[in-house]
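Everything on this sheet refers to the single structure shown next.
The values are calculated or read from the model by the stated rules, or taken from the named source; none is laboratory data. None of these values were measured; they are calculated from a predicted model. Glycine gets a Cβ as well: all are built from the backbone with ideal geometry, and neighbour counts include every protein chain shown. Heads up: the accessible areas ignore ligands, DNA and RNA and are worked out on the full protein's heavy atoms, side chains in. Shrake-Rupley method; radii C 1.70, N 1.55, O 1.52, S 1.80 Å.
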Amino acid sequence: MSEQNILEVKDLTKHFKAGKKQLVHAVDGISFTLERGKTLGLVGESGCGKSSCARTIIRMYDPTAGQIILDGTDITNMKQKELKPYRKKMQMIFQDPYASLNARMTVRDIIAEPLLAHNLVKSKEEANALVYPMLERVGLTKEHANRYAHEFSGGQRQRVGIARALILEPQLVICDEPISALDVSIQAQVINLLKDFQEEKGLSYLFIAHDLSMVRYVSDDVGVMYLGQLVEMSEADEIYKNPLHPYTKGLLGSVPIANPKLARQKEKSSIEGDIPSPINPPSGCRFHTRCPYAAPECSQVKPELVDVGGGHKVACHLHKA
Ligand code: SF4
């Protein structure tokens, strides 16, 4: 593994059992690397497997196959006890800060909890000495420390979620749709806070979202997922200027556009139909049931993710390396 990379994911697969014989193919052979201090945006419709991918990387789920290498160490098959020191290096910010914050704990205790779990502080005073500055850092105050999550707005709760994730000084933060549940007016504030932390601490983010416009703003690279697989990946600007996969083009067509003339042009490339079930994903190219360019080959032969130049990778028979 290159020292440049904080995370390497190789052929990561996560299947869940559904009943006695069926499997949900949530994540199916995903590979990518994330450089230190950079942000990789992972996008796709809901149900495309991006959250399962994040939760498998952070080892909330055990992987079915593949490899997860964090800061040079293979953590794929580590038991929970072995994983503890590595958990400190990677933290998660969740979509719904209300559901992810314990309603019975004060904000101070919520933020101090990971410090105590990792034996980084021995007393309440030691914890407070770290919690209070962190509260200020995320735009709250010492006075908020003794309140409960329900007393805060959505934006403030997400600030508490960020404080809890960052108090351990992780190197990698997985942001699972961290702004989707927030008012538009608050979204930019939370994003700016995350960006400030990144600049200050050199953090690496895996940023999961279905909002392509926000992903463009925060990401160095973007990966597009469809039914558990990566279908396109490149530098963020390149993917927006020159999308190659019909699914990516469709997703870009579904980004709201202020200019009505441009909006009419874009609508033509929006995706028809619903995402198929991950229990029995379509054969060949999984997108063939919705793709306007599908040819007979597409339902039979799986297109591999190949570099078509300059690090721009795409999995589509229309684009060969
Ligand atoms: Fe469409 Fe075929 Fe390309 Fe799949 S491989 S995206 S079905 S053209």
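Surface composition of region 10-118: carbon and sulfur atoms hold 49% of the protein heavy-atom accessible area at a 1.4 Å probe. Surface calculation, 1.4 Å probe, protein heavy atoms: Glu177 sits at approximately 20 Å² accessible.
Size of region 125-176: Rg and Dmax of its alpha carbons, in Å, are 11.1, 32. Classify region 17-90 from the C-alpha gyration tensor, please: rounded if a/c falls under 1.5, else prolate or oblate depending on whether a/b exceeds b/c. The shape class here is oblate.
Distance distribution P(r), the chain, all Cα-Cα pairs, bin width 10 angstrom from 0: 6, 25, 33, 23, 11, 3, 0 percent. Answer rounded, prolate or oblate for region 76-142, using the Cα gyration tensor with square roots of eigenvalues a ≥ b ≥ c: rounded when a/c is under 1.5, else prolate when a/b is larger than b/c, else oblate. Judged from the Cα gyration tensor, region 76-142 comes out oblate (a/c at least 1.5, b/c at or above a/b).
Database remark: amide H of Leu7 closer than 5 angstrom to the amide H of Leu34, Asp71 (H placed geometrically; neighbours at sequence offset of 5 or more, or on other chains; Pro and chain starts carry no H). Between Leu116 and Glu3, the contour length at 0.36 nm per residue exceeds the alpha carbon distance by 37.7 nm. Between Glu199 and Leu23, the distance separating the two model label sites (each 7 Å from Cα on the Cα→Cβ line) works out to 4.6 nm. Along the axis of the charge dipole computed for the chain (Cβ charges of +1 for Lys and Arg, -1 for Asp and Glu, origin at the Cα centre), the listed residues Ile162, Ile191, Ser234 are led at the positive end by Ile162. Taking the helices alone, the chain has a mean residue ellipticity at 222 nm of -9500 deg cm²/dmol, built from -39,500 (n - 2.57) per DSSP H run of at least 4 residues and averaged over all its residues. About the centre of its Cα atoms, region 276-321 shows a dipole size close to 100 debye [charges on the beta carbon of Lys, Arg (+1) and Asp, Glu (-1) only; nearest 20 debye]. Extending 7 Å from the Cα toward the beta-carbon at both Asp62 and Asn77 defines two label points whose distance is 1.1 nm.
Here the Gaussian network model covers the chain, with springs between Cα atoms less than 10 Å apart; of Val27, Val107, Val184, Val184 fluctuates the most. Each Lys and Arg contributes +1 and each Asp and Glu -1, all at the Cβ; summed about the Cα centre of region 88-127, the dipole is approximately 120 debye. Is region 40-124 rounded, prolate or oblate when judged by the Cα gyration tensor, a ≥ b ≥ c being the square roots of its eigenvalues, rounded requiring a/c under 1.5 and prolate requiring a/b larger than b/c? Oblate is the answer for region 40-124, as a/c is 1.5 or above yet b/c matches or exceeds a/b.
Taking amide H as placed 1.01 Å from N in the peptide plane, the amide H of Gly41 sits under 5 Å from that of Phe207, Asp220, Asp221, Val222, Gly223, each at least 5 places away or on another chain. Accessible area ranking (1.4 Å probe, heavy atoms, ligands and nucleic acids excluded), largest first, for Met214, Met60, Met90: Met60, Met214, Met90. Helices in the chain that qualify as membrane-span-like (whole DSSP H runs, Cα extent of at least 24 Å along the helix axis, mean Kyte-Doolittle hydropathy of -1.0 or higher) are 184-201. Length gained on full extension, Glu126 to Asn280, computed as 0.36 nm times the residue gap minus the Cα-Cα distance: 50.2 nm. Checking the cross-link pairs Lys241/Lys320; Lys20/Lys79; Lys10/Lys50; Lys89/Lys195; Lys17/Lys320 against a 24 Å limit on the alpha carbon distance flags Lys20/Lys79; Lys17/Lys320 as lying beyond it. Dipole size of the chain about its Cα centre, with +1 on Lys/Arg Cβ and -1 on Asp/Glu Cβ: approximately 720 debye, rounded to the nearest 20. At a probe radius of 1.4 angstrom, the accessible area of the chain per residue rounds to 49 square angstrom. Available extension along the chain between Glu272 and Val184 is 29.0 nm, counting 0.36 nm per residue and deducting the alpha carbon span. Of Phe32, Pro278, Ser180, whose Cα points farthest to the positive end of the dipole of the chain (charges on the beta-carbon: +1 Lys, Arg; -1 Asp, Glu; origin at the Cα centre)? It is Pro278.
Considering only His144, Ala99, Ser299, and ranking their Cα positions along the charge dipole of the chain that arises from unit charges at the beta-carbon of Lys, Arg, Asp and Glu, the one farthest toward the positive end is Ala99.
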